[in-house]
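A.B. asks: Here you go, one structure.
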Amino acid sequence: MGSRVWRAFRRNRLALVGGGLVLVLGLSALLAPWIAPHDPLRGRLPDRLRGPSTTAVSGKLYLFGTDNLGRDILSRVLHGGRVSISLGLLVVGVSIVVGVVLGLVSAYAGGWVDTVVQRVVDVLLAFPYLVLAIALMGLFGPGFLNLVVALAFKEWVMACRIVRSEALALKTAAFVEASRAAGAGPARILVRHLLLNVIPGAIVVATLRVGWVVLMEASLSFLGLGIQPPQPSWGVIIADGRDYLFRAPWISTLPGIAILLFVLGVNLLGEGLRDALDPRLAGERVGE
Amino acid sequence: MVAYVARRFLQALPVLFGVTFVVFLLLYVTPGDPVELYMGQAGTVSPEEIARIRQEFGLDRPFLEQYGRFLWGVVRGDLGRSIIHRRPVAELIAERIPATMELSLFAALIALLVAIPVGVIAAVRRYSLLDSVGTLLSLVGVSMPGFWLGLILIILFSVTLRVLPVAGRMTYGTGLDPRTGFLLLDAVLQGNGRAALDVLRHLAMPALAMSAGMMAMTMRITRSSLLETIRQDYVRTARAKGVPEPRVILRHALRNALLPVVTAVALNLGALLGGNMVVETVFAWPGLGQRVVDAVKTRDFPLVQGCVLVYALTYVVLNLVADLSYAFLNPRISHGKEG
Amino acid sequence: MNRTQAQLLTLALVAALSIGGLAQQAKTLVVGIEADALTLDPGNFRHRETETILRNMFDGLVTRTPDGRIVPELAASWERISPTEWVFYLRDGVTWHDGTPFTADDVVFTVERTVKEGRISGLTSPRKGLLDPVTDAVALDRLTVKLITSVPFAALPSFLPHTLIVPRHYVEAVGDEQFAAAPVGTGPFQFVRWDRGQQVVMERYAGYYGGATDLPPVGPALVDRVIFRVLPETSTRIAALRAGDIHIATRIPVDLIPEVEADPNLTVMSVRGTRSAFLEMNVNQPPFDDVRVRRAINYAIDVDLIIEYILNGLATPIPTILSPDSPFYAPLTPYGYDPDKARALLATAGYGTGFSVTIDTQPHFRDVALVIAEMLREVGIDAKVQEWDWGILQRELLAGRRMMHLGDWGNSTLEPNDILIPKLVTGERGNFSGYSSRVLEALIDLAERGTVDPEVRRQAYRVAQQLIFDDAPMAFLWVAQESYGVSRRVVGWTPSPDSRINLHDADLTN
């Protein structure tokens, strides 16, 4: 199965591009401490708000310019990627596992299990993210892990909802009913028919949500509730730079592009994986 | 049908109860005293004055008593009085709802009008240039932070081109009398074309900034859902029987493919209504989002509780709408099996 | 003129007003402000922007000039007839926007509504504290009113600009709720409409008595209409200014001043504000329980450098926490930047190898905090920065659980007691350094209650400032300027230190 998936995936050029983007951005974030040209936290005040340039100023090269404290944007974006990407992966990773499991169980078991899970989901969904995030951050105090918890606290219900509704549709689908009639047990139906069939959907959800969490972090930073400074994340850098959009647009532009490319990459990758993972779609061109 | 709706609302009561209790608890344990915050970081304020205000708003009572008073108020239709505004919470919320709904509905409309046709085309002409461009553009849309997109729109359309107003909902002097609070509706009802145009010009940028995410999501779900449906047996059968392709897609496939789309749209609309704090802030849009952000920051407990209650109700209603349309579109799911 | 003619005329007027020609037909001055009014009732808020808006529709007994002097407004003059009694002689011929004459009765009503409990919709005015020792007001005749304080209160006139006088007849007729939605005042502009969350519209009151004679020109306002538009996001406010949608934009951050000035149609006007910035130290815990360490911190911070680079030069260093605009300011020499002296002091205090500390602050002080942390590292102190939500941080600070706090405190009356008490008196709500000095408290008491002699008060506050300087419970930083983006079409307007936007004297050219 592995090689077939890989072959299908390889044929999808957009997915390869997406994979490439994720790989490049992920690696550059991972290697930031070694490849960043300057200290991301400390800047030289006299070098503040310098534009992108390929010539060195006072012995320092600021390829993508500096911010209002004279910190190198490139270095900050490289380091910011570490925070943003790991936040996105952590939050979504935790949420997808919890969401898929609870979504499947909820759909399959029905009855009171479904009721309880769905009521919890309802209560959480009914909260605006922000109110939850502020209250939880207030409780735990600021910090990276606390932000992960504050976001994942509600995030898992997204996957849960969608997995549940897909599984509900599958549950009444002809092939599942046929399998059940043929004597398949609950475990087999859960894993074989439901889990495998919701995985493509879960991947689509997960990819979109990774991007979404990265964006959510940016929004929280915009509202002044994000990661602790001076530690940069992409969202923090954009939010910090928004006041300089006219005068020093490069501050927000580079992290904005980084977010855009990363989310784009993750999404393309997810689409490609989805097509490749779905056996019945392999090699088939629909509507042509 | 009516009985079903009524039952769903009854089932929603524990959810609303749960939501208000959790909010109350969270606010109670979250540090930060509303009266201290209200007094600000300036001047001299005596402890007696702070104590008096706390007493006037019942903040000196034990937790359960405060919650009990709140519930009893809700039952009587009284959401209490805001500490900061010193006006009834119900008024403060009601005056903000039209703005938020107008913006959200407009954003959703833009999103759907673009996303569903593009999604269908992308699925039917899979891997074509149109598919790739549509996918890429929608992904770019969803990959931009809303405030960033909003600021770029402002720089482009207001500052550089000077064709759209920067912020707000209307210009003073069009003679518009905001009776319902839905300004577009007001303008149309009053036959004021100039005002309608003015309102639309104000709506354009924030609605666009808000619709980007929903547009991308809807388009992708339409596409993937339609792809899945297209290869199902009954579609193959229809196709094998020689039914023309457009008819296969529109009559047979799309109807079923819209199931997940409907769920996603309804849930997304909830997210639009509850998640537009950022766009509202950028465009100075006087909606509920801005109000709740301010209320949380100032720890205006009664106002936060009222807002969250409204969000919860919105969610319950939208969810019901999603489930009803789900059942309506898919005859194989009967009401009896739902929740 | 018959009815049809009147209707036609109205129609023509409306058309003339609405068809693009606002500037020619009626001069409309638009101010972009960062928050909406909470209420239009001058007695029922504690909120800077609400006051900024309301002060164009309401006047006080006295007002403050842009250079900080207290001058008569609705009162023509006043005298202190005993340590606890003040008599105000009111201006004759002043009318409310509905034409009713303004009298001493309105002042009595306003004062009672402010200081007595349960007078506004059953609640007590949150502005009671701003008039605090005032217990009552008595009308002596139609235009004379006596204010009575419970204890001698020398600073009373400085507090009065913030108490705007409201109309007894109108409030009693329509009730508190309706008054708060559609008020009547004595100010240069009268209320037209309030689109909540969006704008407050007011028009010139033709019958205006003219305003404070010390603030010329005296007479009705120059522009026909004023709109306060709510634009909370700074970049949006600047964009609106550049797009010509608004003429004055409040709170332009120093970093963005070049942004505004780059536009030839705009200028930036700055005025020294009334907020003193400082770095507070927890004096009850090591290492800051040692005064030498606290002084070392004062020497370690290059205030001038921060002002030059972070604040674009728009701030004044201060030796303590009193503003140079305060009438009791003592011109001491600030500590000044001397890292060697800082290191030496740290060494003598036994901290030659430094220590670790976290600077707690709020997001808007982020840049300054990061730079200060950098400067502290230069003298061997391992300083980190932590940002907080104010609601949480305040509680931590008051509990004495934090070590260093970078922040500021407002003193819009410019009276020393109004900042020294909350910041430095034992157990007060803004005393985040945990400072406690009987001497200081005795000095404040002497100046405020023990004497009516201005010279004794001056001496008391001079000694107090020297004491604060020597004890250094905080590193003293600056009073920052507040900047407004202003269209070059606006003439005759100057910003005020207390954030009042007085549009009475402003005009618009074409």
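A.B. asks: Looking only at residues that are in a strand (DSSP E or B) and more than 9 Å from chain B (Cβ to nearest Cβ) in segment C:219-248, which one is nearest to C:G187 (Cα to Cα)?
C.D. replies: The selected residue is C:V226.
A.B. asks: Also, I was wondering about something else. Scan segment B:259-271 and tell me whether some residue there is surrounded by 16 or more Cβ atoms within 10 Å (Cβ to Cβ), more than 18 Å from the chain's Cα centre (by Cα), assigned to a helix (DSSP H, G or I) and at pLDDT below 80. Explain how you work it out, then say what you get.
C.D. replies: Initially, segment B:259-271 is screened for residues surrounded by 16 or more Cβ atoms within 10 Å (Cβ to Cβ), giving B:259-271.
Within this subset, residues satisfying the condition of being more than 18 Å from the chain's Cα centre (by Cα) are B:259-260.
Narrowing further to those that are assigned to a helix (DSSP H, G or I): B:259-260.
Those left that are additionally at pLDDT below 80: B:259-260.
Yes.
A.B. asks: Counting only residues that are more than 12 Å from chain C (Cβ to nearest Cβ) and β-branched (V, I, T), which one in segment B:156-198 is farthest from B:F283 (Cα to Cα)?
C.D. replies: Among them, the one singled out is B:V188.
A.B. asks: Here's a follow-up. Could you identify the single residue in A:R13, A:R42 that is more than 30 Å from C:L256 (Cβ to Cβ), among the basic types (K, R), within 14 Å of another protein chain (Cβ to nearest Cβ) and open to solvent by 40 Å² or more (accessible area, probe 1.4 Å)? Walk me through it before giving the result.
C.D. replies: Numbers: A:R42 fails: more than 30 Å from C:L256 (Cβ to Cβ).
Going through A:R13, A:R42 in turn, the sole match is A:R13.
A.B. asks: Can you name every residue in segment B:108-127 that is touching a residue at least 60 places away in the same chain (Cβ under 8 Å) and farther than 27 Å from B:L203 by Cα?
C.D. replies: B:V120, B:A122, B:A123, B:V124, B:R126, listed by residue number.
A.B. asks: What are the residues in segment C:94-147 that are in contact with a Ser or Thr (Cβ under 7 Å, 6 or more places away or on another chain), away from chain B (no Cβ under 14 Å), surrounded by fewer than 20 Cβ atoms within 10 Å (Cβ to Cβ) and assigned to a loop (DSSP other than H, G, I, E, B), if any?
C.D. replies: Matches in segment C:94-147: C:R142 only.
A.B. asks: Considering each of C:A173, C:A155, C:A180 in turn, give the residue that is open to solvent by 40 Å² or more (accessible area, probe 1.4 Å) and either more than 26 Å from C:R488 (Cα to Cα) or modelled with pLDDT of 95 or more (or both). Outline the logic, then answer.
C.D. replies: Values: C:A155 fails: open to solvent by 40 Å² or more (accessible area, probe 1.4 Å); C:A180 fails: open to solvent by 40 Å² or more (accessible area, probe 1.4 Å).
Exactly one of C:A173, C:A155, C:A180 is open to solvent by 40 Å² or more (accessible area, probe 1.4 Å) and either more than 26 Å from C:R488 (Cα to Cα) or modelled with pLDDT of 95 or more (or both), namely C:A173.
A.B. asks: While we're on this one: For segment C:405-415, give me the residue count where each residue is more than 9 Å from chain B (Cβ to nearest Cβ) and either part of a strand (DSSP E or B) or touching a Leu at 6+ places or on another chain (Cβ under 6 Å) (or both).
C.D. replies: 2
A.B. asks: Taking into account only those residues within segment A:144-184 that are away from chain B (no Cβ under 14 Å) and not in a helix (DSSP H, G or I), which is nearest to A:G88 (Cα to Cα)? Lay out the reasoning, then the answer.
C.D. replies: Let us first name the residues in segment A:144-184 that are away from chain B (no Cβ under 14 Å), namely A:144-145, A:147-148, A:152, A:156, A:179-184.
If we keep only those that are not in a helix (DSSP H, G or I) as well, we get A:182-184.
Working: A:A182: 42, A:G183: 42, A:A184: 38 Å.
Looking at the filtered set, the residue picked out is A:A184.
A.B. asks: Restricting attention to segment A:185-216, which residues are surrounded by 15 or more Cβ atoms within 10 Å (Cβ to Cβ) and away from chain B (no Cβ under 14 Å)?
C.D. replies: Keep residues of segment A:185-216 that are surrounded by 15 or more Cβ atoms within 10 Å (Cβ to Cβ), which gives A:189-190, A:193-195, A:197-216.
If the condition is that a residue be surrounded by 15 or more Cβ atoms within 10 Å (Cβ to Cβ) and away from chain B (no Cβ under 14 Å), then A:I189, A:L190, A:H193, A:L194, A:L195 are the ones that fit.
A.B. asks: Pull out all pairs, ordered by first then second residue, where Cβ-Cβ is under 7 Å, the residues are six or more apart or on different chains, the first lies in segment B:128-153 and is at the interface with chain A (Cβ under 9 Å from one of its Cβ atoms) and part of a helix (DSSP H, G or I), and the second is open to solvent by 30 Å² or more (accessible area, probe 1.4 Å) and hydroxyl-bearing (S, T, Y).
C.D. replies: If the second residue must be open to solvent by 30 Å² or more (accessible area, probe 1.4 Å) and hydroxyl-bearing (S, T, Y), no pairs are left.
A.B. asks: Something else now. Hey, could you check segment A:258-267 for residues that are closer than 21 Å to B:R223 by Cα and at the interface with another protein chain (Cβ under 7 Å from one of its Cβ atoms) and say which is modelled with the lowest pLDDT?
C.D. replies: Our first condition is that a residue be closer than 21 Å to B:R223 by Cα; within segment A:258-267, this holds for A:263-267.
Subset that is at the interface with another protein chain (Cβ under 7 Å from one of its Cβ atoms): A:263-264, A:267.
Details: A:V263: 82, A:L264: 81, A:N267: 77.
Across segment A:258-267, the extreme among qualifying residues is A:N267.
A.B. asks: Which residues, taken from segment C:161-204, are within 14 Å of another protein chain (Cβ to nearest Cβ), part of a helix (DSSP H, G or I) and touching a residue at least 24 places away in the same chain (Cβ under 8 Å)?
C.D. replies: Answer for segment C:161-204, where residues must be within 14 Å of another protein chain (Cβ to nearest Cβ), part of a helix (DSSP H, G or I) and touching a residue at least 24 places away in the same chain (Cβ under 8 Å): C:P161, C:H162, C:D176, C:E177, C:F179, C:A180, C:A181.
A.B. asks: Here are C:G430, C:G350, C:G354: which of them is part of a loop (DSSP other than H, G, I, E, B), open to solvent by less than 20 Å² (accessible area, probe 1.4 Å) and away from every other protein chain (no Cβ under 11 Å)?
C.D. replies: Working: C:G430 fails: away from every other protein chain (no Cβ under 11 Å); C:G350 fails: open to solvent by less than 20 Å² (accessible area, probe 1.4 Å).
Being part of a loop (DSSP other than H, G, I, E, B), open to solvent by less than 20 Å² (accessible area, probe 1.4 Å) and away from every other protein chain (no Cβ under 11 Å) holds for just one of C:G430, C:G350, C:G354, which is C:G354.
A.B. asks: Turning to a different aspect of this structure: Among the listed residues B:R86, B:R69, which satisfies the condition of being part of a helix (DSSP H, G or I) and basic (K, R)? Before you say what the answer is, go through the steps one by one.
C.D. replies: Working: B:R86 fails: part of a helix (DSSP H, G or I).
Just a single option satisfies the conditions, and that option is B:R69.
A.B. asks: Can I ask one more? Looking at (1) more than 9 Å from chain B (Cβ to nearest Cβ); (2) at pLDDT below 80, which one does A:P255 not meet, given that it meets all the others?
C.D. replies: A:P255 satisfies all of (1) more than 9 Å from chain B (Cβ to nearest Cβ); (2) at pLDDT below 80 except (2).
A.B. asks: I would also like to ask the following. Those residues that are closer than 20 Å to C:T149 by Cβ and either at pLDDT below 95 or open to solvent by 10 Å² or more (accessible area, probe 1.4 Å) (or both), I need them from segment C:76-93; list them, please.
C.D. replies: Taking segment C:76-93 and keeping what is closer than 20 Å to C:T149 by Cβ, we get C:77-90.
Across segment C:76-93, the qualifying residues are C:S77, C:W78, C:E79, C:R80, C:I81, C:S82, C:P83, C:T84, C:E85, C:W86, C:Y89, C:L90.
Quick grid of which residues meet (1) crowded, with 24+ Cβ neighbours inside 10 Å; (2) over 16 Å from B:R169 (Cα atoms); (3) free of Cβ contacts under 8 Å to residues at least 60 places away in the same chain:
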site: C:R225; (1), (2), (3): no, yes, no
site: C:F228; (1), (2), (3): yes, no, no
site: C:L231; (1), (2), (3): yes, no, no
site: C:T234; (1), (2), (3): no, yes, no
site: C:I238; (1), (2), (3): yes, yes, no
site: C:T250; (1), (2), (3): yes, yes, no
site: C:A262; (1), (2), (3): no, yes, yes
site: C:V268; (1), (2), (3): no, yes, no
site: C:V271; (1), (2), (3): no, yes, no
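A.B. asks: In this structure, is C:R292 outside any loop (DSSP other than H, G, I, E, B) and open to solvent by 30 Å² or more (accessible area, probe 1.4 Å)?
C.D. replies: On the way: outside any loop (DSSP other than H, G, I, E, B): yes; open to solvent by 30 Å² or more (accessible area, probe 1.4 Å): yes.
So C:R292 fits the description; yes.
A.B. asks: Looking at (1) over 23 Å from A:L220 (Cα atoms); (2) open to solvent by 60 Å² or more (accessible area, probe 1.4 Å); (3) touching a residue at least 12 places away in the same chain (Cβ under 8 Å); (4) not in a helix (DSSP H, G or I), which is the only condition A:T55 fails?
C.D. replies: Only one criterion in (1) over 23 Å from A:L220 (Cα atoms); (2) open to solvent by 60 Å² or more (accessible area, probe 1.4 Å); (3) touching a residue at least 12 places away in the same chain (Cβ under 8 Å); (4) not in a helix (DSSP H, G or I) is unmet by A:T55, namely (3).
A.B. asks: In segment B:142-157, is there at least one residue being under 30 Å from B:N256 (Cβ atoms) and within 18 Å of the chain's Cα centre (by Cα)?
C.D. replies: Our first condition is that a residue be under 30 Å from B:N256 (Cβ atoms); within segment B:142-157, this holds for B:142-143.
Then keep just the ones that are within 18 Å of the chain's Cα centre (by Cα); that gives B:142.
Yes, the conditions are met somewhere in segment B:142-157.
A.B. asks: If you don't mind, another one. From the residues in segment B:295-304 that are crowded, with 24+ Cβ neighbours inside 10 Å and assigned to a helix (DSSP H, G or I), which one is nearest to the other protein chains (Cβ to nearest Cβ)? If you could, list the steps in order and put the result at the bottom.
C.D. replies: Going through segment B:295-304, the residues crowded, with 24+ Cβ neighbours inside 10 Å turn out to be B:295-296, B:299-304.
Cutting the leftovers down to assigned to a helix (DSSP H, G or I) gives us B:295-296, B:301-304.
Details: B:A295: 9, B:V296: 5, B:F301: 11, B:P302: 13, B:L303: 11, B:V304: 7 Å.
Result: B:V296.
A.B. asks: Of the residues that make up segment A:165-182, is at least one over 15 Å from A:L104 (Cα atoms) and open to solvent by less than 10 Å² (accessible area, probe 1.4 Å)?
C.D. replies: Scanning segment A:165-182 turns up no residue that is over 15 Å from A:L104 (Cα atoms) and open to solvent by less than 10 Å² (accessible area, probe 1.4 Å).
A.B. asks: Further, regarding this structure: Regarding segment B:68-81, can at least one residue be identified that is crowded, with 21+ Cβ neighbours inside 10 Å, out of contact with any Asp or Glu (no Cβ under 7 Å at 6 or more places or on another chain) and within 30 Å of C:I321 (Cβ to Cβ)?
C.D. replies: Taking segment B:68-81 first, the residues crowded, with 21+ Cβ neighbours inside 10 Å are B:70, B:79, B:81.
Pick out the ones that are also out of contact with any Asp or Glu (no Cβ under 7 Å at 6 or more places or on another chain) and you get B:70, B:79, B:81.
Within this subset, residues satisfying the condition of being within 30 Å of C:I321 (Cβ to Cβ) are none.
No, segment B:68-81 has no match at all.
A.B. asks: Somewhere in segment B:23-44, is a residue within 29 Å of B:M214 (Cα to Cα), more than 13 Å from chain C (Cβ to nearest Cβ) and open to solvent by less than 50 Å² (accessible area, probe 1.4 Å)? Spell out the reasoning first.
C.D. replies: Of all residues in segment B:23-44, those within 29 Å of B:M214 (Cα to Cα) come to B:23.
From the residues that got through so far, the ones that are more than 13 Å from chain C (Cβ to nearest Cβ) too are B:23.
If we keep only those that are open to solvent by less than 50 Å² (accessible area, probe 1.4 Å) as well, we get B:23.
Yes, that holds for at least one residue.
A.B. asks: In addition: Could you give me the residue pairs with C-beta distances under 6 Å whose first residue belongs to segment A:178-197 and is at negative phi and without any contact (Cβ under 8 Å) to a residue 40 or more places away in the chain, whose second residue is part of a helix (DSSP H, G or I) and β-branched (V, I, T) wherever it lies, and which are 6+ apart or on separate chains?
C.D. replies: Going by the 6 Å Cβ cut-off, the qualifying pairs are A:H193/A:V176.
A.B. asks: C:R401: within 14 Å of chain B (Cβ to nearest Cβ) and open to solvent by 10 Å² or more (accessible area, probe 1.4 Å), yes or no?
C.D. replies: On the way: within 14 Å of chain B (Cβ to nearest Cβ): yes; open to solvent by 10 Å² or more (accessible area, probe 1.4 Å): yes.
Against the criterion (within 14 Å of chain B (Cβ to nearest Cβ) and open to solvent by 10 Å² or more (accessible area, probe 1.4 Å)), C:R401 qualifies.
A.B. asks: Do you know which residues across segment B:93-127 are modelled with pLDDT of 80 or more and at the interface with another protein chain (Cβ under 9 Å from one of its Cβ atoms)? Spell out the reasoning first.
C.D. replies: Initial filter on segment B:93-127 (modelled with pLDDT of 80 or more): B:93-125.
If the condition is that a residue be modelled with pLDDT of 80 or more and at the interface with another protein chain (Cβ under 9 Å from one of its Cβ atoms), then B:E95, B:R96, B:A99, B:A123, B:V124, B:R125 are the ones that fit.
The values are calculated or read from the model by the stated rules, or taken from the named source; none is laboratory data. Here the structure is a predicted model, which means the values were calculated and not measured. Cβ coordinates were reconstructed from backbone atoms using ideal geometry, including for glycine residues, and neighbour counts include every protein chain displayed. All accessible areas refer to the heavy atoms of the entire protein, side chains included, with ligands and DNA or RNA removed. Shrake-Rupley method; radii C 1.70, N 1.55, O 1.52, S 1.80 Å.
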